[in-house]
Structure formats: structure tokens, C-alpha cells
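Trainee: Take a look at this one; I'll ask things after.
The values are calculated or read from the model by the stated rules, or taken from the named source; none is laboratory data. Everything quoted here is computed from the prediction, not taken from an experiment. Glycine gets a Cβ as well: all are built from the backbone with ideal geometry, and neighbour counts include every protein chain shown. For accessibility, only protein heavy atoms count, side chains too; no ligands or nucleic acids. Shrake-Rupley method; radii C 1.70, N 1.55, O 1.52, S 1.80 Å.
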Amino acid sequence: MAFCDLKPVRVNNDKTGMSYVIGDVLAIYSMGSQYPAVFSWDMVKSVSVTRRDITVNLVGTKKVINVSNKMFRSSEEVLRAIAIIEYHQRTYDFAYQHEKRLFPLKSLYLECSPGKESYVGEGVLDEADTASSLIALLNFRLMKFLWLVAVLVALVLFGVLSYTIGMNRDNVLYFILISIASGGIFALIVYMITHAVARARVKSFADADLASKQVITFVISTVGFAACESCIYEKRDLVLWSEADYFVESDKMFIIYKGRTPLAYIPKKVFSKKYIGGVSDIIAISLEQR
């Protein structure tokens, strides 16, 4: 199983004196107690992971285990704890809530060999590159829509001016110019708002996902792909292509989708230039391009 060999994470609550261990089981060491309270993962009802804490609800009890991210010694420990939780979530299928992610959940990975034809790269996902890629794709989709908006606004305004003021030989040219200019300005405003929303969306994803500041290992093979934090990646875990639906490509990255939700952002610059063609071919063979 993917991520099954990760080292357990132990965190301490200095205020209460309690310690928590997240591993093959959940263990709670109370202050002054010689033995821990141990809970297997099949006793877990639900888990919630946010940028601030991890909350575990147990079956048949009101007991809640809450671990603040401030208790961890490093971001790497937080990411390892989340990977352990997601590994067990795949096995025990407990309810799991999490914030937006830039990379696939660990529950999607399977332990398998990438095969002979595979490409590996490492790097930090650039927020500016991600935003510009989404905007470039957005421009392509928006172009026809913006032309239509501009034409409709121009026609409506021309009709309003003609009805309210009255059209004659002296003012018809002015009406046309005003209508065209207004349609163009309105379309430009829609364009600017859409771009601002796209940038804000990427920033909100990055703020919610600790992995956005980590070095990521990217793997593309004929079997599947990976986009995982290098500090926990075990080099034999992949997300099968069947987990994704399609991909889109910009000049800077490939974006793999599941439904309408981005599943992984794969920057081209993490791979050597001579391998970009091979990476592109594997993705194009494995998924539909849109």
C-alpha cells in the first residue's frame, strides 16, 4: 500500500502535558499515565484537516482528538501525519474533510512500479506560474464570450440611445461610436474581474495547502503520475491515470483534472527540456486533452 511505511508522528501539547501519536494506530499519552489510550483506525468516524489543526472523531463516543498544527515541530511532520491519515482513509473509508489541495490526496496513490518509460522532476510549485497558466487557459475560453458580451452591450446601448434621445442623421455616428466603446469597456471590466478571481483562487489554494511551499517530486509514467512532497514521497507510489479525466496544457504546465476540479499541477520547468516531449506524449496518450 502507498505510504504504508511512513514513520509515525508524535506531537506534544505543552499546555496539557498530553502527547499524541499518529501512525498505525492513534495513541494518546495523558500526563502521569504509564500506558496510552490506543485507538485503531477502524474506530475512527471522521477526520477533519484544516490549515490550523487535525480533528478526529471516534465511533460510539463523544471523544474528540484535536491536534493543533502548532504542536508539530515542522511542516514536514504535519504533511507526514496527513499522509498517514489519508493512507488509512483509503483502507477504512471514514469520513474525511479537507481544504482545497494543489496536489492529489494520498488516498489516491497505489504502490506500483513506474515502469521503464518514466520521467522524474523536483521543484517548488510557482504560484505566479500557476496563476498565469490558469489565466492563459481562461483567456482562450473567454475570448468568444467577451466578444459576445461586447456586441450585446453595444446593441442594447444603441437601442436605448435611439429610443430615449431619438436617432437622426446627425447623431447616428455618435451613437455607434458610444455603443462600441461602451461594449469594449464592459468586456474589459469582465476580463479584469475574471483574472482577479483566478489569481485570488490560486492564492487561496496555496494558503490552504502546506505543500505549496514544499519541494515536490513530480513523476510521469505510462502507469500513472505523482505530485507529492519530496519529504514523504517513497518513489514507488503513483496515481493511476484512470483516476483523472482529462488535462489542459499551457506554455508553462500541464493541469490534470478530475471532473471540473484540478487534480495536479505539473510544471514543465521541473523536467529537463529534452524530456518535455516525452512527458507530453505520455500525458496525451493517457488522457483526453481539452
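Trainee: Could you grab me the full set of residues in the range 226-244 that are in a strand (DSSP E or B) and under 15 Å from the mean Cα position of the chain (by Cα)?
Mentor: Ala226, Ala227, Cys228, Glu229, Val239, listed by residue number.
Trainee: For the structure I just gave you, tell me whether Leu173 is under 24 Å from the mean Cα position of the chain (by Cα) and assigned to a helix (DSSP H, G or I).
Mentor: no
Trainee: Let me ask something else about it. Assess whether Leu102 counts as being aliphatic (A, V, I, L, M) and assigned to a loop (DSSP other than H, G, I, E, B).
Mentor: In short, yes.
Trainee: Let me ask you something else. Is it the case, given these coordinates, that Ser113 is surrounded by fewer than 16 Cβ atoms within 10 Å (Cβ to Cβ), among the polar types (S, T, N, Q) and either part of a helix (DSSP H, G or I) or in contact with a Leu (Cβ under 9 Å, 6 or more places away or on another chain) (or both)?
Mentor: Yes, satisfied.
Trainee: Identify, from the list Phe218, Phe205, Phe247, Phe186, the residue that is assigned to a helix (DSSP H, G or I) and farther than 30 Å from Val151 by Cα.
Mentor: Phe205
Trainee: Continuing with the same structure: Return the total of residues in the range 25-36 being surrounded by 14 or more Cβ atoms within 10 Å (Cβ to Cβ) and either in a loop (DSSP other than H, G, I, E, B) or under 28 Å from the mean Cα position of the chain (by Cα) (or both).
Mentor: Going through the range 25-36 one residue at a time, the tally reaches 3.
Trainee: Only residues that are open to solvent by less than 80 Å² (accessible area, probe 1.4 Å) and assigned to a loop (DSSP other than H, G, I, E, B): list them for the range 37-76, please.
Mentor: Ser40, Thr50, Thr61, Phe72, Ser74
Trainee: Kindly provide the set of residues from the range 1-12 that are in a loop (DSSP other than H, G, I, E, B), modelled with pLDDT of 85 or more and of a type outside the set (A, V, I, L, M, F, W, C), ordered by number.
Mentor: Lys7, Pro8
Trainee: Another one. Looking only at the range 247-277, which residues are open to solvent by 20 Å² or more (accessible area, probe 1.4 Å), among the hydrophobic types (A, V, I, L, M, F, W, C) and within 17 Å of Glu127 (Cβ to Cβ)?
Mentor: The one that is open to solvent by 20 Å² or more (accessible area, probe 1.4 Å), among the hydrophobic types (A, V, I, L, M, F, W, C) and within 17 Å of Glu127 (Cβ to Cβ): Val270.
Trainee: In the range 77-98, what residues are assigned to a loop (DSSP other than H, G, I, E, B) and open to solvent by 50 Å² or more (accessible area, probe 1.4 Å)?
Mentor: Hit for the range 77-98 is Asp93, nothing else.
Trainee: Continuing with this model, one more query. List pairs: first in the range 53-72 and charged (D, E, K, R), second not in a strand (DSSP E or B), Cβ under 8 Å, 6+ apart or cross-chain?
Mentor: These pairs meet every condition: Asp53/Asn69.
Trainee: Listed residues Leu161, Leu157, Leu152, Leu125; which is surrounded by 12 or more Cβ atoms within 10 Å (Cβ to Cβ) and closer than 30 Å to Asp53 by Cβ?
Mentor: Leu125
Trainee: OK, next. Quick one: Thr222 ticks every box in (1) touching a helix residue (DSSP H, G or I) at 6+ places or on another chain (Cβ under 8 Å); (2) polar (S, T, N, Q); (3) crowded, with 17+ Cβ neighbours inside 10 Å bar one, so which box is it?
Mentor: (3)
Trainee: Filter the range 48-90 for residues that are out of contact with any Ser or Thr (no Cβ under 9 Å at 6 or more places or on another chain) and of a type in the set (Gly, Ala, Ser); which is nearest to Ile232 (Cα to Cα)?
Mentor: Per the criteria, the residue is Ala83.
Trainee: Next question, about the same structure. Do the conditions hold for Leu177, that is, is it free of Cβ contacts under 8 Å to residues at least 60 places away in the same chain, of a type outside the set (D, E, K, R) and surrounded by fewer than 13 Cβ atoms within 10 Å (Cβ to Cβ)?
Mentor: Yes: the conditions hold for Leu177.
Trainee: Being open to solvent by 70 Å² or more (accessible area, probe 1.4 Å) and modelled with pLDDT of 90 or more is the requirement here; does Lys15 meet it?
Mentor: Considered against the rule, which asks whether it is open to solvent by 70 Å² or more (accessible area, probe 1.4 Å) and modelled with pLDDT of 90 or more, Lys15 comes out as no.
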